[in-house]
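What follows is calculated from the coordinates using simple rules that are stated; it is not laboratory data. All figures in this text were calculated on a predicted structure; none of them were measured in a lab. With ideal geometry, Cβ positions are generated from the backbone for all residues, glycine too; neighbour counts draw on all protein chains shown.
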């Protein structure tokens, strides 16, 4: 399972293999994505982009 | 560091790239830092600082050095021709300080008494306009996304001992049926209050800040929260918005791939869970105005606001008025982590990359260039040998013993901004020295590139000098709606920039940071002490000063029946910024200037309806607006 931010081209579209965690708006949400579905979702024409969660460090 | 015995037969001669005309103990401290070792912190100096005594030509010049946190000054009697001074200096800057023109000699010394912080005085939070209705931020919420909330510290409790926190979401905790977005656990105000009645409130609640270690004293989140919203009941020194309600998210990372020394004492979040943290805070706030403070970031990224986490933050802020997100600019100015240049038509450009000796950690470099251009990338080892040549759209690597130890990805047309990006990854243990990333023009119209090296506290690789220290703000700090904050030293009359405070602009040329605030040697709540304070420095200490100022302005406007939009908040921050310093209309590190709480509150008064009205309940108030 991979955490990602997903941006879609169609309002409220959720690709198969993506489980919505937090909805930001109609075309953006955070999701848990099955690892074997990640490439498929990236290639989905209704998906604009998928940004896999990036580790962030504490700024001291 | 070494956990296994070292055989004498293994020892080989070594030389050090350290300024040698310096006290050997200082040289050793510098050498140890370059190897990723950290010294224990003390009550007066952090783990990355040394307490020093110096002979200088002028105490004033010594005090003006950005790197120096002054201690005492013993003036010469004129005939002597020098002053004796003490201070605390970041180990990373000892060599630079030793070579400063005013320094005659520099020695490690014993700790000394230091001055208190001046955040409240310098920002004007202690001298708000007469007749203001901020009530210390009572009509606003301060949200904090950080690490280590000491809910038992008296600065976050009311007179009756109850908590000022509305809730804490611990993203690390095991999930419950009511967990936000399916993970972590929320501790409600009533649960916190119940825990506060116990002898050990942290055990009772099942959450608390880490205990002090040899390397870190006082949790970061508690310190940050106090600057923004502490009431001073314990320490005697209130923060900027001392009556605001507080929401805290103990942020976690779903992805901790590092191991060994690199994770020691470190705290990580990730971009998805940061976005979820901020969404949760604003959901909890409802229609009550809320300023959220963030102290997370990383070096790599497009630096044009096009990452989805930045776009997500922008969208959340545009959805409703009364919302603001403030982010620390980062502390990477002097780290040598940014380079830029032009690849000429038909030519190539070399980017040097210095991997330190005995660096056992991974190194990562990220390059961004225009989507109009096509470039291939060649990687050369420290011996000058070409190792890989990667065409646009390709990814290649090198293996050792069946394990990939080098990887280069030349990605075309990022879906979020249309630009191209190159990632170069070197596994730990590869030879030290000067690696070269060579960009070859295939079809170049623009030619401009920017490169960033990822942060690595256990052995930071760098670009060769001279460094291009522009564009060193954090990778999530380039959005259009967030507010980014640099740091200066409010203890010195010149108000100098903090030596570490990162610089803008964004890669697409927008002005960030927007503002600066005191972030140098700030005294604020010390976790697990109930009522003590501790000193910390960083842009993380500057950002909450601005978050607190925004909470005051939001509270003032709310008390007058107005919920400020994010655009109005941003304008209130930048249009009231104070100059001298900075001298320029916008400075790459100060931003538009130094934050002014009093002027921001005056601005909020001007924006609010002329006839003051009692503060309505936020939900009703919002319905009355367009």
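I'd like the mean, over residues of A:16-27, of how many other protein chain beta carbons sit within 10 Å of each residue's own Cβ. Walk me through the numbers before you get to the answer.
Numbers: counts 0, 0, 0, 1, 2, 9, 14, 2, 12, 5, 0, 1.
Partner Cβ neighbours, averaged per residue: 4.
With contacts taken as Cα pairs under 8 Å and at least 6 residues apart, the range B:557-596 reaches a relative contact order of 34 percent. In this rough spin-label picture, where each label sits 7 Å from Cα along the Cβ direction, the residue B:210-residue B:401 distance is 3.0 nm.
Each listed q (0.11 Å⁻¹) maps to a log10 I(q)/I(0) for the protein assembly as shown, found by the Debye formula over equal Cα scatterers with no solvent: -1.19.
Calculated on the Cα set of the range B:105-230, radius of gyration then Dmax: 18.1, 63 Å.
Relative to the longest principal axis of the Cα atoms of chain B, helix B:271-285 runs at roughly 10 degrees. Using the average count of surrounding beta-carbon atoms within 10 Å as a protection proxy, the listed peptides B:527-540, B:446-459, B:90-103 rank, highest first, as B:527-540, B:446-459, B:90-103. DSSP beta bridges fully contained in the protein assembly as shown are about 80 percent antiparallel. The angle between the Cα long axis of helix B:308-319 and the longest principal axis of the Cα atoms of chain B comes to about 20 degrees, rounded to the nearest 10.
Would you please give the FRET efficiency between residue A:43 and residue B:345, computed as 1/(1 + (r/R0)^6) with r the Cβ-Cβ distance and R0 = 22 Å, to the nearest 0.05?
0.05
Per-residue Cβ neighbour counts within 10 Å put B:362, B:489 in the sequence B:362, B:489, beginning with the fewest.
Would you work out the Kirkwood radius for chain B? I mean one over the mean of 1/r across all pairs of different Cα atoms, in Å.
On the way: mean 1/r = 0.0391 Å⁻¹.
After inverting the mean inverse Cα-Cα distance, the result is 25.6 Å.
The simple Förster model, with R0 at 25 Å and r as the Cβ-Cβ distance, assigns residue B:386 and residue B:443 a FRET efficiency of 0.70. Across chain B, Cα pairs under 8 Å and at least six residues apart give a relative contact order of 17 percent.
On a 0 to 90 degree scale, rounded to 10, what angle separates helix B:566-575 from the longest Cα axis of chain B? So the inclination is approximately 70 degrees. With the simple model of a label 7 Å out from the Cα in the direction of the Cβ, residue B:532 to residue B:575 spans 4.6 nm.
Rounded to the nearest 5, the antiparallel percentage of DSSP beta bridges internal to chain B is 75%.
Considering all C-alpha pairs of chain A, those separated by over 16 Å amount to 37%.
Over the range B:342-406, what is the mean sequence separation of C-alpha contacts under 8 Å (at least six apart), divided by residue count, expressed as relative contact order in percent?
Values: 37 pairs, mean separation 9.8, N = 65.
Relative contact order for the range B:342-406 comes out at 15 percent.
Sorting B:375, B:523 by the number of Cβ atoms found within 10 Å of their own Cβ, with the fewest placed first, yields B:523, B:375.
Compared with the direct C-alpha span, the chain from residue B:510 to residue B:18 gains 173.4 nm at full extension, assuming 0.36 nm per residue. Descending by average beta-carbon neighbour count within 10 Å, the peptides B:571-578, B:331-338, B:603-610, B:155-162 line up as B:331-338, B:571-578, B:603-610, B:155-162, the highest first.
Please work out the Cα center distance from the range B:188-255 to the range B:571-612, rounded to the nearest Å. That distance is 30 Å. Taking every DSSP bridge with both residues inside the range B:138-282, close to 30 percent are antiparallel.
Summarised as an ellipsoid, the range B:307-370 has semi-axes of 34, 20, 11 Å, derived from the eigenvalues of the Cα gyration tensor scaled by 5 and square-rooted, with the largest first. Peptides A:47-54, B:407-414 ranked from most to least packed give A:47-54, B:407-414, packing being the mean of other C-beta atoms within 10 angstrom over each peptide's residues. If a spin label sat at a point 7 angstrom from the Cα of residue B:583 along the line to its beta carbon, the backbone N atoms of the range B:487-508 nearer than 15 Å would be those of B:494-497.
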